[in-house]
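Below is one structure. I have some questions about it.
No value in this document is a laboratory result; all are computed from the given coordinates. A quick note: this is a predicted structure, and the numbers were derived from the prediction, not measured. As a convention, Cβ positions derive from the backbone with ideal geometry for all residues, glycine included, and neighbour counts pool all protein chains shown.
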Amino acid sequence: MTIAANASTLRDEIAARLITARERTRGLTDSVDETDLIRQHSPLMSPLVWDLAHVANQEELWLLRSVGGREPMHPEIDPLYDAFEHPRAKRPTLPLLPPAEARGYASDVRGRVLDLLERVSFTTGPLVDRGFVFGMIAQHEQQHDETMLATHQLRDGRPVLAAPPPRPAPADVLRLPAEVLVPGGRFTMGTTSEPWALDNERPAHVIDLPPFYLDTAPVTNAAYAGFIADDGYLDQRLWSPAGWQHRQKAGLTAPLFWEQGGAGQWLRRRFGVTEPVPPAEPVMHVCWYEADAYARWAGRRLPTEAEWEKATRYDPVTGRSRRYPWGDADPAPDQANLGQRYLQPAPASSYPDGAAPSGARQLIGDVWEWTASDFLPYPGFVAYPYKEYSEVFFGPDYKVLRGGAFSTDPIVCRSTFRNWDYPIRRQIFAGFRTARTPDLA
Ligand SMILES: [Fe+2]
């Protein structure tokens, strides 16, 4: 996000971002009936009506109470919507606001926030500096919208979402090298200057990396089907010990939502539609353990988070880190598949206009990419504005994902943005690409 310095332009930008997020929330919640809003579609997810009121509750807490100094509107509901008090699986048993009340609460909060925004000065401290906390709340809603989209993907029943297919792959796909070389040396990782960056992306720091090769594009369904056909799921040598244990326990044999269609054809279910798996599309709905096993099968490895960010941002001509692979301007539609414009990733090697200096494509958008790295703080990390945003998740339990997916709004898709999840998670819109260290000559 390019953030305006002028207060009135900043107000307009914030209002536009909040409105965009709310339109998406409405689309995801108005498209299903009351029963579907209240129902839990998977123990992995909250009922959609929980997300709706939770988004409003966080907006009330941070904008109306923390910034505006207002009294709580309904203090009795705060504990219901505290994500740390109730795991997702338990949320349907709570006395949640019914859909009409949840919608009323959300629009009530939003009306008051837009009033407050007219008067806020952005000069009273770090919380409002350059609109940070407003940006945090717009990002929070968009993150929940992506989670709600994953709930839609898990939901049974007739399709309720629709979008055109992405454009076919560009003509140069067959001429592209399979991998690109990223030169060794120092680069700046993370950010200190991005106004709406969250605590875990900070501060900017210099990392020295040896050279490495990275796949030009994310691993495709066709390539992944090759791993399955070669009995990759049955060969223990390809899996980490924890991965093998999980593969057996969970009975993994293919990506989530895939099924055998006969005659060796794979089918998949996508937002209620069953269709042949498109071979050229990046593979999705694989867990970290599957990505790790595939990479070993291919004689490669997952890139580290630092390698991913260097391949995405490092400009070898100037030596500086760009905001995005293509430069410093916010994402344009011909540079990345973001924001749920489509309901699927574009074919691998699409978006030549969004390529990084390394030549790698689709680093931003299409599918989240698993990296080899655990979710850890950068040197000099300071929790802000609350420990539960990132700090409580640091450690070996979570793996880092980068780059956002077709389901991610540009507001949460900086090149420095870090997502994290358990290595067993498959309902998220995650794929991966692989890397290798050059052979010593
Ligand atoms: Fe949340």
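Find how much the distance from PHE393 to SER121 grows on full extension, using 0.36 nm per residue of separation minus their present alpha carbon separation; answer in nm with one decimal.
Net length gain for the segment: 94.6 nm.
Nearest 20 debye, what's the magnitude of the dipole of the chain about its Cα centre given +1 on Lys and Arg Cβ and -1 on Asp and Glu Cβ?
Here the size comes out at about 580 debye.
In terms of modelled amide H atoms, which long-range or inter-chain residues lie less than 5 Å from the amide H of TYR314?
ARG322
Okay, moving on. Return the ratio Rg/(2.2 N^0.38 Å) for segment 201-262, where Rg is computed over Cα atoms only.
That works out to 1.60 for segment 201-262.
Convert each backbone phi in segment 242-255 into a coupling constant with the Karplus relation 6.51 cos²θ - 1.76 cosθ + 1.60 (shift: θ = phi - 60°), then list the ³J(HN,Hα) values in order as whole Hz, x for Gly and Pro.
Result, ordered by residue: 5, x, 5, 4, 5, 4, 6, 4, 8, x, 5, 9, 5, x Hz.
Among 136-148, 289-301, 195-207, how do they line up by average Cβ neighbours within 10 Å per residue, starting with the highest?
Sorting 136-148, 289-301, 195-207 by mean packing, highest first, produces 136-148, 289-301, 195-207.
Could you work out the pair-distance distribution P(r) of segment 311-424 from its alpha-carbon pairs, with 5 angstrom bin width and percents rounded to whole numbers?
2, 12, 20, 21, 19, 15, 9, 3
Sticking with this one: Mind checking which lysines have their Cα closer than 22 Å to the Cα of LYS399? Skip sequence neighbours fewer than 8 apart in that chain.
Reachable lysines: LYS249, LYS310, LYS387.
Same structure, new question: Modelling each spin label as a point 7 Å along the Cα-to-Cβ direction, I'd like the THR192/ALA163 distance in nm, to one decimal.
3.7
Determine ³J(HN,Hα), in whole Hz, for all residues of segment 217-231 in sequence, where each value follows from phi through the Karplus function 6.51 cos²θ - 1.76 cosθ + 1.60 and θ = phi - 60°; x replaces Gly and Pro.
Result, ordered by residue: 9, x, 4, 8, 4, 4, 5, 5, 4, x, 4, 5, 5, 8, 6 Hz.
Roughly speaking, what is the centre-to-centre gap between segment 1-33 and segment 262-324 when only Cα atoms are used, to the nearest Å?
Their Cα centres are 29 Å away from one another.
A further question follows. Under the Kirkwood approximation for Rh and a Cα-based Rg, what ratio Rg/Rh is obtained for segment 380-441?
Across segment 380-441, the Cα-based Rg/Rh ratio is 1.04.
Also: FRET efficiency for ASP208 and VAL382, Cβ-Cβ distance as r, R0 = 30 Å, nearest 0.05?
FRET efficiency, ASP208 to VAL382: 0.80.
Work out from phi, with θ = phi - 60° and the Karplus expression 6.51 cos²θ - 1.76 cosθ + 1.60, the ³J(HN,Hα) of each residue of segment 190-199, listed in order in whole Hz, and give x for Gly and Pro.
Couplings: x, 8, 10, 9, 5, x, 9, 5, 8, 4 Hz.
Right, next: Express in nm, to one decimal, how much length is gained between ASP315 and ASP129 on full extension, taking 0.36 nm for each residue of separation and deducting their alpha carbon distance.
64.0 nm
Okay, next question. Expected output is a single nm value to one decimal: the length gained when fully extending between LEU44 and SER66, i.e. 0.36 nm times separation in residues minus the C-alpha distance. What is it?
4.8 nm
I need the calculated FRET efficiency for the pair GLU34 and ASP439, taking r as the beta carbon distance and R₀ as 45 Å, to the nearest 0.05. Mind showing how you got there, number by number?
Working: r = 60 Å, r/R0 = 1.34.
That pair, GLU34 with ASP439, gives E of 0.15.
Just to confirm my numbers, what's the Cα centroid distance between segment 107-159 and segment 367-429 in Å?
A separation of 18 Å, based on Cα centres.
Once the other residues with Cβ under 13 Å from the Cβ of ARG202 are scored (Lys, Arg +1; Asp, Glu -1), what is the net sum?
With Lys, Arg at +1 and Asp, Glu at -1, the net is -2.
Also: Run lengths n ≥ 4 of DSSP H only: what is the helix-derived mean residue ellipticity at 222 nm for the chain, with -39500 (n - 2.57) per run over all residues, to the nearest 500?
Rounded to the nearest 500, it is -9000 deg cm²/dmol.
Can you tell me the Rg and the Dmax, both Å, for the Cα atoms in the chain?
21.6, 68
Now for a different question. In debye, nearest 20, what is the charge dipole magnitude of segment 345-434 about its Cα centre with +1 on Lys and Arg Cβ and -1 on Asp and Glu Cβ, if you could check?
Roughly 140 debye for segment 345-434.
Ok, one more. What residues qualify as long-range amide H neighbours of GLU179, i.e. H under 5 Å apart, gap of 5 or more or another chain, H built at 1.01 Å from N?
Under 5 Å from the amide H of GLU179 lie the amide H atoms of THR216, each far enough along the sequence or on another chain.
Can you pull the one-decimal nm distance between simple spin-label points at ALA332 and HIS74, each 7 Å off the Cα toward Cβ?
Here the answer is 4.5 nm between the modelled labels.
Additional query: Let's see if you can work this out: charge +1 on each Lys and Arg Cβ, -1 on each Asp and Glu Cβ, no other charges. What is the dipole magnitude of segment 153-205 about its Cα centre, in debye to the nearest 20?
Around 200 debye, computed over segment 153-205.
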